[in-house]
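Only one structure is covered here, and it is reproduced in the block below.
The values are calculated or read from the model by the stated rules, or taken from the named source; none is laboratory data. This structure is a prediction, so every number in the text was calculated from the model and none was measured. In this analysis, Cβ positions are derived from the backbone assuming ideal geometry, glycine residues included, and neighbour counts consider all displayed protein chains. Side chains are part of the model used for accessible areas, which takes the heavy atoms of the whole protein and leaves out ligands, DNA and RNA. Shrake-Rupley method; radii C 1.70, N 1.55, O 1.52, S 1.80 Å.
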Amino acid sequence: MAGKPSRSWMGAPMLVQNKPIGALIIHDTENEHAFNEEDLKFFNAIAVQVAGVMNSTRLLEESQHRTIQLETAAEIARDISSSLNLDELLVKAVNFIRERFDFYHASVFMHDLQGEFTVIREATGEAGVQMKRTGYKVGIGSKSIVGFVSSRGEQLVVDNTAKDSTYSNPLFPNTRSEAAFPLKVGDRILGEIDVQSIHPYAFTQDKIRSLQILADQMAIAVVNTELFSETQEHLSQHRLLHHITTTAASGTTLEEALESAVNGLQVTLGGDRATILLTNREKNSLEVKASTGYAEDIAKVEIPIGSGITGWVAAHKRPLRVKNVSEDPRYILVSSNTRSELAIPLVFRNELLGVLNVESELIDAYTENDEEMLGTLGGSLAAIIANASLLEQIRIQAERDRLIYEVTSKIRRSTDIQLIMATTTSELTRLTGARYAKIQIKPEDNTKQEDIQ
């Protein structure tokens, strides 16, 4: 009882398509038997009209609200899809969701490379800052809202967290309802959007629909940023490769060219160790000719062809990428903190010239893209090495011809046989570095053989 008690009371249901949406009630606090059957019929007719008007108004408001939400989702999707920077995209997304949909909290999780955890990448509020600072993560498939969505790839809504005895959220104590939506492209789950409200049953079907549309658009935007980032990285790497190749090709000696190559390669790979080993055909082995990131005694290392990872690559003339050297019996310990390795054969016109080798302190540090990139560099280096060797042979031959011409010119200037032979032995010892030279002349008759020293 509230207020003065009723003496007479009359009520009629407000029905829409035979479903009640409320009741219209009137009462008289002064008179009994104040209402009759005619009053009830009239009152019932009014209740039907009021219900129709209220339902129409509600439908119009819902339609307008739905339109606003869809426009908001489209606006958010348009804004975030215009960004090619992933961090900028995620900041825009969580702030838009929180502000435009009036939610308590919004965050985005992204799956790690190993597929074990989904890790916080962006979140709103002070709690979000704390989550990012601590590297908050959730096990994929774990018993949580985000964990469920991360493994199933399906949206999940908890309308009233107070009714769930297993629900716990110490970072957001005011949360009364929560929903998570997958960032999914095809069968690939990239991450999740997690949204929380201080009101129970805050996620209407319209909001759920709008948030799922937004999540789908975000997933596409994330993939686009990944592709853009990969493209930029490839362009950067190819520019560096061009610079390395150009610098190496401009070296005045083979040693200078190889040193330029390994130094440039270390910059490209972000500090990894690199070596170039050339073949020694007489010993059937590989010898280090240029290196960076190793101790000085690396120059003394000599690897038989067929032994170790680089030796295997040389023997088979095929690249080899090792994710974890501790699990590969072929690995020969050179640096104790090496965890992964990539070796590329240097082959020119089907002739093995050496091996290009890089090592990292990280497990599984090299990808197919790295292998392709170093393969391209290896082809260019092989051509540079072959050309440098050819130029060295030409230079040696030219120097030999020059010395021969110089010696023969001195000899030809003499007319005395004794002086000719003395000049010849003198020049031979000078050019060859010998301590002793001897010329024997066999006489045409039976006279005694003459030696000139």
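May I ask you to verify whether K323 is closer than 17 Å to G379 by Cα, surrounded by fewer than 18 Cβ atoms within 10 Å (Cβ to Cβ) and out of contact with any helix residue (DSSP H, G or I) (no Cβ under 9 Å at 6 or more places or on another chain)? Spelling it out, it is not the case that K323 is closer than 17 Å to G379 by Cα, surrounded by fewer than 18 Cβ atoms within 10 Å (Cβ to Cβ) and out of contact with any helix residue (DSSP H, G or I) (no Cβ under 9 Å at 6 or more places or on another chain). Select from region 157-187 the residues that are among the β-branched types (V, I, T) and open to solvent by 20 Å² or more (accessible area, probe 1.4 Å) and write down the one among them that is farthest from Q212 (Cα to Cα). Checking each candidate, the answer is T166.
Taking region 103-162 as the range and being basic (K, R) and under 17 Å from L183 (Cβ atoms) as the test, the residues that pass are R121, K137, R152. For region 425-449, the candidate set comprises residues that are hydroxyl-bearing (S, T, Y) and modelled with pLDDT of 80 or more; within that set, the residue that is least open to solvent (accessible area, probe 1.4 Å) is T425.
Those residues that are among the charged types (D, E, K, R) and either more than 18 Å from A2 (Cα to Cα) or open to solvent by 100 Å² or more (accessible area, probe 1.4 Å) (or both), I need them from region 12-38; list them, please. Scanning region 12-38 gives K19, E30, E32, E37, E38.
One residue stands out among those in region 326-345 that are open to solvent by less than 10 Å² (accessible area, probe 1.4 Å) and not hydrophobic (A, V, I, L, M, F, W, C): the one that is nearest to G378 (Cα to Cα), which is E341.
Here is a yes/no grid of residues against (1) of a type in the set (D, E, K, R); (2) assigned to a loop (DSSP other than H, G, I, E, B); (3) without any contact (Cβ under 8 Å) to a residue 24 or more places away in the chain:
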| site | (1), (2), (3) |
| --- | --- |
| V119 | no, no, yes |
| A127 | no, no, no |
| S165 | no, yes, yes |
| E192 | yes, no, no |
| Y201 | no, yes, no |
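Inspect region 357-364 for any residue being in a helix (DSSP H, G or I) and touching a residue at least 24 places away in the same chain (Cβ under 8 Å) and give the result as yes or no. Looking through region 357-364, none of the residues is in a helix (DSSP H, G or I) and touching a residue at least 24 places away in the same chain (Cβ under 8 Å). Just so you know, in region 98-118 the residues that are within 18 Å of N85 (Cα to Cα) and of a type in the set (A, V, I, L, M) include one that is least open to solvent (accessible area, probe 1.4 Å), and it is V108. Among residues of region 196-228 being modelled with pLDDT under 80 and closer than 15 Å to L90 by Cα, the one that is nearest to the chain's Cα centre (by Cα) is E226. Filtering region 39-54 to residues that are open to solvent by 50 Å² or more (accessible area, probe 1.4 Å) and under 60 Å from the mean Cα position of the chain (by Cα) leaves V53, M54. Within region 257-277, the only residue that satisfies the criterion of being surrounded by fewer than 19 Cβ atoms within 10 Å (Cβ to Cβ) and either of a type in the set (A, V, I, L, M) or touching a Leu at 6+ places or on another chain (Cβ under 9 Å) (or both) is V267.
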